[in-house]
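K.L.:
Please read through the structure below; I'll follow up with questions.
Quick note: the coordinates plus some simple rules give every number you see, no bench work behind them. All values reported here derive from a predicted model rather than from experimental measurement. Here Cβ is always computed from backbone atoms with ideal geometry, including for glycine, and neighbour counts include all displayed protein chains.
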Amino acid sequence: MIGRFAELLAARRRRWESICRQCGACCYRKEWRGSALVVNWDAPCRFLDSASRRCTVYERRFPACPDCKRMTLYHALFTSWLPDSCGYVRAFRRWPRTTARDARRPARQRV
């Protein structure tokens, strides 16, 4: 029973990891600027190979790099710093992004 559960969990993790398009956006330092969290494109993780956009320690990235965080469904849905080309964004965000200007219009005027 436990072996079957471990197999299912491993398959689920592989499926989740396969969504990644390896854009590398996760591997750059994030900074707060005012009330917004933005990506500092001048500060990649030391383990990021900028040519291939792949982590050089991917299998052990969490213990190797304290700044590396696991991508979650919450991040995919609500994180503003992920680019539209991110595989997780493309897989889980099904609504068009609205700007502050669009959000102020009455609902009946939105397209």
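K.L.:
Once phi is turned into ³J(HN,Hα) by the Karplus curve 6.51 cos²θ - 1.76 cosθ + 1.60 with θ = phi - 60°, what whole-Hz value does each residue of the range 25-41 show in order, with x for glycine and proline?
P.N.:
4, 5, 8, 10, 5, 9, 9, 7, 10, x, 9, 10, 8, 10, 7, 8, 5
K.L.:
Next question. Modelling each spin label as a point 7 Å along the Cα-to-Cβ direction, I'd like the Ala10/Thr56 distance in nm, to one decimal.
P.N.:
Each label point is offset 7 Å from its Cα along the Cβ direction, giving 2.9 nm.
K.L.:
Using a Förster distance of 30 Å, how high is the FRET efficiency between Asp49 and Ala91, based on the Cβ-Cβ distance and rounded to 0.05?
P.N.:
0.80
K.L.:
Continuing with the same structure: Which stretch or stretches of the range 34-59 have amide N atoms under 17 Å from the point lying 7 Å from Asp84's Cα along the Cα→Cβ direction?
P.N.:
none
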